[in-house]
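First comes the structure, then the notes that go with it.
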Amino acid sequence: MFRALLLPCLVACLACPESASARDRLGVFGAWAAFRDARPPRCYAISEPDRAILPEKPQWRPFFAVGDWPGRRVNGQVHMRLAKPRKSGTPLRLTVGAARFDMVSAGSEAWAPYAAADAAIVAALRVSRRATVTGIARDGTAIRDGYALKGAATAVDAVRLGCGKTG
């Protein structure tokens with residue numbers, strides 16, 4: 001219940017003030033929620049880590065999101081905000097169940113390196129219970145953000161329906 005109340009607050013903090021009034025909640029599904037924004041037109045499933053090593057005074061809240069941007073013809077794009085900025089030149093890995101994916105990142109943001117990797121990650125989300133992002137932070141400490149995947153598949157489906165893509 002606490003997570004269901006926390007997710008909308010997390011998403012409200014992530015968005016621009018001018019788009020906040022245009023946000024539609026598509027639903028809360030386990031540890032994940034789905035939203036649709038009118039401007040720019042986009043839908044996204046989002047969750048916050050259930051286990052993260054956070055800095056003493058974090059500048060932001062980490063999240064894992066899967067988004068559709070109909071105007072850009074982008075579907076199922078994986079995006080993460082890490083708990084800490086990644087150390088430049090060090091690898092960042094996403095493990096979803098037994099599948100492992102190397103991610104690209106800039107500071108505290110991370111993405112799959114290409115669309116086929118996005119699709120493979122989303123497929124793994126559908127059949128796995130847990131996802132973990134690991135790497136080395138700029139300060140030399142470990143990044144280890146863990147996500148429960150209960151509800152992820154349903155949230156991604158809500159995104160697909162919410163932005164008009166049914167396949």
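All of the numbers you see were taken from the coordinates with simple rules; none came from a lab. Just so we're clear, the structure is a prediction, and the values are computed from it rather than from any experiment. Neighbour counts are summed over all protein chains in view; Cβ atoms, including those assigned to glycine, are modelled from backbone coordinates with ideal geometry.
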Ranked packing of 34-41, 107-114, most packed first, by mean Cβ within 10 Å: 34-41, 107-114
How much net charge surrounds PRO41 when only the other residues with a Cβ under 10 Å from the Cβ of PRO41 are counted, with Lys and Arg +1 and Asp and Glu -1? +2
Note, region 74-82: 3J(HN,Hα) by Karplus (6.51, -1.76, 1.60, θ = phi - 60°), whole Hz, Gly/Pro = x, goes 10, 10, x, 7, 8, 9, 10, 10, 7
If each K or R counts +1 and each D or E counts -1, the residues other than ARG81 whose Cβ falls under 14 Å of its Cβ total 0
Computed over all unlike Cα pairs, the Kirkwood hydrodynamic radius of region 36-167 in Å stands at 14.9 Å
If amide hydrogens are placed 1.01 Å from N in the peptide plane, which non-local residues have theirs closer than 5 Å to the one on LYS150? ALA31
